């Protein structure tokens, strides 16, 4: 089971874990933005492998650079990788560690809210391939994850909103009370000390689900709420040359899947209005899609790795906040109708 540490003494926590693991060598994997903005604050003395930032660089070329860096720095099977960065770094660094010499140990230190609540926890690693999100990867849990809200102090509003979408997802999976509490917290004027217990509660929702189903054979699919549609929005945006943040795409995807939940599972209509109103008030914007994009979105959804067959599209739906229904499917006509309603709600 992953060890998760909640602390604002990040460097001390890293040094303590390195001492416990006692590796032959330690290698920091990060991106050039984090290398410039965050690493000087941590004052660590380990060698660094830095790749270009951004989801468009979460690819085989960057992965190859990490492998080559580990080789050039003399990493062995007993080495330790420390992934310091957002979800791109923890996903890709974890995959590099899982595959280098058939697997070396690694620690995740998320520097964004999104990575802390989602990518850094749960053991999923991977890269994008052929324009498809997380198409190649492996289940490989980090030895430990160090979570500190102090690392979020310079994040722009867009990044905070992106991470908070995943927290809202966990609230919806947990209970009406947890979801309502999150809707009442102003993430754009966040007290980082107050955010930490909310973040810890959110991560524990994911921990409980992952512990029960580590390889996504059953209940872990609950965590896919919003992601079937969200990944399609992301892929379409990348194809158009105007990428959207992962969490924003998931926020949109959750609304589409709430609409499907309403039409298929009697999810309350008032929740659709409450949630769409929240997205607009908080400034999530809306994806620039038209009916001309529907066919492409459907095709991206068919490629989603959560589908059991190429003929069906798999969703996680809700009958109400806290009441989760996995392995649900919808017809193409029902999905197209949901896109129409989504656009109406987000006008």
- Residue exposure sequence - 166, 332, 130 - by fewest surrounding Cβ within 10 Å: 130, 332, 166
- Task: Springs between alpha-carbon atoms under 10 Å, Gaussian network over the chain: tell me which of 242, 140, 120 tops the mean-square fluctuations.
- Result: 242
- Message: Connecting C-alpha atoms closer than 10 Å in a GNM of the chain, tell me which of 235, 148, 45 has the biggest fluctuation.
- Response: 45
- Item | Evaluated at q = 0.09, 0.10 Å⁻¹: base-10 log I(q)/I(0), Debye formula over Cα of the range 234-347 | -0.22, -0.28
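Before anything else, pin down the relative contact order of the range 3-152: Cα pairs under 8 Å, at least 6 apart, normalised by residue count, whole percent.
Taking the mean separation of contacting Cα pairs over the length of the range 3-152, I get 27 percent.
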- What is the Å³ per residue value for the convex hull set by the Cα atoms of the range 3-152? 94 Å³
- Message: Taking 8 Å as the Cα distance limit and 6 or more residues as the minimum spacing, I'd like the relative contact order of the chain as a percentage.
- Response: 14 percent
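Between residue 332 and residue 269, what length in nm is gained on full extension when 0.36 nm per residue of separation is reduced by their alpha carbon distance?
So the chain would gain 20.6 nm between residue 332 and residue 269.
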- Can you list, largest first and rounded to whole Å, the semi-axes you get for the chain by taking the square root of 5 times each eigenvalue of its Cα gyration tensor? 33, 22, 18
- Message: Take residue 180 and residue 16, extend 7 Å from each Cα along the Cα→Cβ direction, and tell me the distance between the two endpoints in nm.
- Response: 3.7 nm
- Query: So which residue, out of 216, 193, 135, gets the largest mean-square fluctuation from a GNM of the chain using Cα contacts under 10 Å as springs?
  - Reply: 193
- Task: Using only Cα positions of the range 163-305, each an equal point scatterer, no hydration layer, compute I(q)/I(0) via Debye at q = 0.11, 0.13, 0.17 Å⁻¹ and quote the log10 values to two decimals.
- Result: -0.43, -0.61, -1.05
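No value in this document is a laboratory result; all are computed from the given coordinates. Here the structure is a predicted model, which means the values were calculated and not measured. As a convention, Cβ positions derive from the backbone with ideal geometry for all residues, glycine included, and neighbour counts pool all protein chains shown.
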